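**Q** First, the structure itself, so that you have it in front of you.
The values are calculated or read from the model by the stated rules, or taken from the named source; none is laboratory data. Since the model is a prediction, treat every value here as computed from it, not as a measurement. Quick reminder, even Gly has a Cβ in these numbers, built from the backbone with ideal geometry, and neighbours come from all protein chains shown. Accessible surface areas use protein heavy atoms only, side chains included; no ligands, DNA or RNA. Shrake-Rupley method; radii C 1.70, N 1.55, O 1.52, S 1.80 Å.
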Amino acid sequence: MDTFFSGLDPEVALELAELSRRAFDLREQRKQILRETGFEEAADLLEAVRSERVDVRAGYDVWLTLALLQEQHESIRVWIDWRCRGGPDNEPGIASWTQTLAEQPLPEPYGSAITAHSDGLSAELGGVPVLARILAPDAWSVEWTAEDRRWRLDTAPARPEDITTTACLRRPDGSVVADPWRLGSEATRLHTLHRLLEHIAADSEPR
């Protein structure tokens, strides 16, 4: 009986086998995380965040994680389809933090300080640990710890009504205020990451 990889160039067959494993792992990881939330769809979780029926910080980070895993799975599926059709022009590319940083590396000193994970990025800026999940310029979260005080900037839909900035700052004392750095939503997510790291490195305890 012919196998799926019958007739393919060995190098292409190996690439497809590895991509298929990655796609399977991402799909199963996402399904497991979603099961643990108790919601059937990621959109339901986001609505629960909006209405504050779940913890805003944790719930929004899980929603971002689900979306990032889905994005990677879909981009790998598109890549596999492209490869199976013989790899014509207009290579689709695989969306991932690793690929993004490889194609458009951040300037020093940030580039060398970043580690890519399946659901975001971690960095160490002058002894300040940073964890960022950036789906889009208007959908992201970043947390960092300075002097044992945890700070967070995010675009979660649950926030005081008087905050009109794209993001809001969640201070260590629990208060929530407008984004002091006034980050917009018009740039790419890589540019958003660059600006976030730049601001945190310059002032890890914003006011």
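**Q** I need every pair where a residue in the range 170-182 that is at positive phi and open to solvent by 40 Å² or more (accessible area, probe 1.4 Å) has its Cβ under 8 Å from the Cβ of a residue that is at pLDDT 95 or above and assigned to a loop (DSSP other than H, G, I, E, B), sequence separation at least 6 or different chains.
**A** Sorted first by the residue in the range 170-182, then by its partner, the pairs are ARG182/THR165.
**Q** Which of the residues that make up the range 141-164 are within 20 Å of GLU205 (Cα to Cα) and touching a Lys or Arg at 6+ places or on another chain (Cβ under 6 Å)?
**A** SER141, GLU143, ARG152
Residue by residue, here is whether (1) crowded, with 16+ Cβ neighbours inside 10 Å; (2) assigned to a helix (DSSP H, G or I) holds:
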residue: ALA23; (1), (2): yes, yes
residue: GLN32; (1), (2): no, yes
residue: ARG35; (1), (2): no, yes
residue: PHE39; (1), (2): yes, no
residue: ARG57; (1), (2): yes, yes
residue: TYR60; (1), (2): yes, yes
residue: LEU66; (1), (2): yes, yes
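**Q** Here's another thing I want to ask about it. What strands (runs of 3 or more DSSP E) lie completely within the range 125-199 and have 1 or more residues being closer than 20 Å to THR115 by Cα, modelled with pLDDT under 95 and of a type outside the set (Val, Ile, Thr)?
**A** Here the list reads 128-136, 139-146.
**Q** I need the full set of residues from the range 129-169 which are among the hydrophobic types (A, V, I, L, M, F, W, C), free of Cβ contacts under 8 Å to residues at least 40 places away in the same chain and open to solvent by 30 Å² or more (accessible area, probe 1.4 Å), in order please.
**A** Across the range 129-169, the qualifying residue is only LEU131.
**Q** Which one is modelled with the lowest pLDDT, of the residues in the range 76-107 that are assigned to a helix (DSSP H, G or I) and under 14 Å from the mean Cα position of the chain (by Cα)?
**A** THR98
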